[in-house]
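The values are calculated or read from the model by the stated rules, or taken from the named source; none is laboratory data. Owing to the predicted nature of the structure, the values given are computational and were not obtained by experimental measurement. When the accessible area is computed, the model is the full protein with side chains, heavy atoms only, and any ligands, DNA or RNA have been set aside. Shrake-Rupley method; radii C 1.70, N 1.55, O 1.52, S 1.80 Å.
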Amino acid sequence: MEKSPYILNKSRWHWHSSIMKLTFWSFIFLGLIFIFFFRSPSSNPIPQDPSRRSLRTHNWGGPAWEKRVRSSARIRSRNGISVLVTGAAGFVGTHVSTALKRRGDGVLGLDNFNDYYDPSLKRARQALLDRTGVFVVEGDINDSTLLRKLFEVVPFTHVMHLAAQAGVRYAMENPSSYVHSNIAGLVSLLEACKSANPQPAIVWASSSSVYGLNSKVPFSEKDRTDQPASLYAATKKAGEEIAHTYNHIYGLSLTALRFFTVYGPWGRPDMAYFFFTRDILKGRTISIFEAANHGTVARDFTYIDDIVKGCLAALDTAEKSTGSGGKKKGPAQFRVYNLGNTSPVPVSDLVSILERLLKVDAKRKVMKLPQNGDVRFTHANISLAQRELGYKPSTDLQTGMKKFVRWYLSYYSGGNKAAG
């Protein structure tokens with residue numbers, strides 16, 4: 001049967017309408033990409049938040065600089081690997097870089113030393129790495145020219161991508177910094193990796209925050225992650241999807257590690273255990289959150305040494321990327337793992353542990369959990385990491401906090417000024 005002119009015209013109208021909608025949203029998407037990725041922060045006429053200045057990429061290049069880069073990245077063990085560690089002067093980055101170097105791997109760090117928190121702590125970590133033999137290049141992951149140069153100088157076998165804008169609550173003050181670092185920065189790094197020859201295997205830090213409002217516990221890698229409770233969580237979830245895309249199109253070997261509340265020596269001052277310690281010692285009142293109906297707020301606190309073991313195991317079991325010259329030649333490995341402790345502890349118990357270790361009573365103020373991105377609890381199911389990585393956390397909170405407090409008292413009694 002022939003279709004009537006009305007049906008044909010209606011079909012054409014729907015077809016044209018669909019094309020117009022597709023074109024419209026394509027322009028919107030391209031516009032967002034232009035704003036957040038291609039547009040340089042320095043071209044922004046709006047004054048940036050002075051509390052979040054990111055240091056510009058410093059001078060790099062030249063024979064002496066290249067020699068130092070090669071020396072730091074040189075493999076010194078029989079079966080060693082050569083790793084570019086982004087965010088190397090950060091908390092996890094410092095510990096991972098040190099562990100890799102000590103076992104004979106080649107390690108080169110990259111960090112922009114921004115002032116999201118006290119840069120002097122990052123500089124102290126840098127000095128620690130320098131004594132270990134790890135050179136930290138001062139630069140930004142969004143600097144594609146620098147990244148390209150690093151891959152030209154060193155044929156890295158692996159990348160440990162830890163550079164990110166951290167923190168749940170700060171996203172309400174400076175949301176663009178999360179897009180710049182966690183999304184545009186990740187894309188910039190993946191672009192460099194896809195074009196490198198050979199392509200490196202990539203292990204990178206996602207977050208337990210991706211589980212968001214998920215009420216099923218413990219959190220498993222198969223659980224839904226489409227209900228983020230913060231912008232930080234949303235950028236980490238977006239990162240996982242972007243990583244999957246580069247794995248599928250370009251053959252990059254990618255492993256995402258969902259960290260659960262990492263703590264320990266050389267930690268981040270914006271974490272509760274860190275500023276609780278500072279405020280208890282200064283005699284300040286500390287706020288302890290509780291959920292609705294006096295519900296408990298708990299975290300799956302994971303000691304840094306356990307996280308490092310998980311990171312190294314992920315690097316050691318990462319398969320090679322399958323692409324070359326930006327073209328995929330076969331299916332590549334793609335993995336996601338929880339790295340937690342599996343033993344959630346109420347925040348009030350954390351404070352009690354600190355009181356005993358510091359020998360000071362805390363001035364407590366119980367408050368309702370704010371609706372600013374924090375979730376009531378986190379609890380990791382680590383069976384997959386146990387089975388495939390041999391991951392076995394062994395440090396309980398009491399033991400781990402004892403080590404942190406010992407470091408804190410030593411560091412801040414040595415002439416270093418505690419923030420705040």
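Points to keep in mind about this one:
- Normalised Debye scattering of the stretch 349-420 at q = 0.15, 0.17 Å⁻¹ gives log10 I(q)/I(0) of -0.85, -0.99, counting only Cα atoms as equal scatterers and leaving out solvent.
- Solvent-accessible area assigned to carbon and sulfur over the stretch 142-196 amounts to 54 percent, based on a 1.4 Å probe.
- Cα-based values for the stretch 162-234, radius of gyration first and Dmax second, are 14.4, 44 Å.
- Sequence of VAL366, VAL351 when ordered by accessible area, the most exposed leading, probe 1.4 angstrom: VAL366, VAL351
- Accessible surface of the stretch 274-420, 1.4 Å probe: 49 percent of it comes from carbon and sulfur atoms.
- Extension gain from LYS327 to ASP226, taking 0.36 nm per residue of separation minus the Cα-Cα distance: 33.3 nm
- Taking 1.306 mPa s as the viscosity and 10 °C as the temperature, the Stokes-Einstein diffusion coefficient of the stretch 219-298 based on its alpha-carbon Kirkwood radius rounds to 98 µm²/s.
- Fraction of alpha-carbon pairs over 20 Å apart in the stretch 301-387 - percent: 60 percent
- Per residue, the accessible area of the stretch 181-261 comes to 32 Å², computed with a 1.4 Å probe over protein heavy atoms only.
- Three-way shape label, the stretch 266-305, alpha-carbon gyration tensor, a/c 1.5: oblate
- For the stretch 295-347, accessible area per residue (1.4 Å probe, heavy atoms of protein chains only), Å²: 38 Å²
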